[in-house]
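Chemist: So that we are looking at the same thing, I have put the structure below in C-alpha cells.
The values are calculated or read from the model by the stated rules, or taken from the named source; none is laboratory data. This one's a predicted model, so the numbers in the text were calculated from it and none came from an experiment. Neighbour counts run over all protein chains shown; Cβ positions are idealised from the backbone, glycine included. These area figures cover heavy atoms from the full protein model, side chains too; ligands, DNA and RNA do not enter into them. Shrake-Rupley method; radii C 1.70, N 1.55, O 1.52, S 1.80 Å.
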Amino acid sequence: IVDIDLAMIYAKPANITYTSSLAEREHHAKRERSNRLCLMAMKMSISKHLLGDLPETNDVREIFAIVGQRYQVSNNVEARFLMSELTGMRYDGLGGVKEHILRMIHLQSKL
C-alpha cells in the first residue's frame, strides 16, 4: 500500500518490451498495481448511479480528470442557483427584517 499513489503521480509508461530493463519492468508492475488499487477505491467511494455515467477506462488519471470536470460543472450550477435565489429574494413582511437579512447573509456566505 506504500506505493498506492504511483498511478496518480506518474503517467502510464510505455509498454514493456523484451529490451526493457529490470527497473522499468518493476516500475511498470508497481504502477499497474497502484492503478488497480486506486480504481477499486474510487469505484467503491462513488455512488453507483454516478458510476454508470463514467466512461469505461482502466486509467485512474483519466477517471480522476473526468470526475474533476463534472464536479466543477455542478459547482457552477450551484453558484448560479444561489445567485438567482439571492437576487430574487424579497421581503414578504411575514417575518422580521433581521431574519430576512440573516437569510441573505447565509446565502451570500455559501457563494
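Chemist: Rounded to two decimals, what ratio of Rg to Rh does the chain give with C-alpha atoms and a Kirkwood Rh?
Modeler: Details: Rg = 23.4 Å, Rh = 18.1 Å.
Reported Rg/Rh, Kirkwood definition of Rh: 1.30.
Chemist: While we're on this one: Just the number please: accessible area per residue for the chain, 1.4 Å probe, all protein chains included, in Å².
Modeler: Working: 8800 Å² over 111 residues.
Value for the chain: 79 Å² per residue.
Chemist: Work out from phi, with θ = phi - 60° and the Karplus expression 6.51 cos²θ - 1.76 cosθ + 1.60, the ³J(HN,Hα) of each residue of the range 79-84, listed in order in whole Hz, and give x for Gly and Pro.
Modeler: 5, 5, 5, 5, 5, 5
Chemist: Another question about this same structure. Based on the alpha-carbon set only, what is the convex hull volume of the range 1-45 divided per residue, in Å³? Could the numbers behind the result be given before it?
Modeler: Values: hull volume 3.2 nm³, N = 45.
With only Cα atoms used, the range 1-45 gives 71 Å³ per residue.
Chemist: Show me the trypsin sites (Lys or Arg not before Pro) within the range 64-111 that DSSP assigns to loop and that have at most 14 other Cβ atoms within 10 Å of their Cβ.
Modeler: On the way: sites: R70, R80, R90, K98, R103, K110; in loops: R90.
Counting only loop positions with at most 14 other Cβ atoms within 10 Å, the trypsin sites (Lys or Arg not before Pro) in the range 64-111 are R90.
Chemist: Kindly provide the Kirkwood hydrodynamic radius of the range 68-111 in Å, to one decimal, from all pairs of distinct alpha carbon atoms. Don't skip to the answer; put the middle values down first.
Modeler: Working: mean 1/r = 0.0862 Å⁻¹.
Every distinct Cα pair counted, the radius reaches 11.6 Å.
Chemist: Among 25-37, 5-17, how do they line up from the highest to the lowest mean number of other beta-carbon atoms within 10 Å?
Modeler: Working: 25-37: 15.6, 5-17: 12.5.
Result, highest mean first: 25-37, 5-17.
Chemist: Now a separate question. Give the lysines reachable from K12 as a straight Cα distance under 28 Å; neighbours fewer than 8 places away on the same chain don't count.
Modeler: Result set, ordered by chain and number: K30, K43, K48.
Chemist: Considering only protein heavy atoms and a probe of 1.4 Å, how much of the accessible area of the chain is carbon and sulfur, as a whole percent? Show your work: numbers first, answer last.
Modeler: Details: 5290 of 8800 Å².
Carbon plus sulfur share of accessible area: 60 percent.
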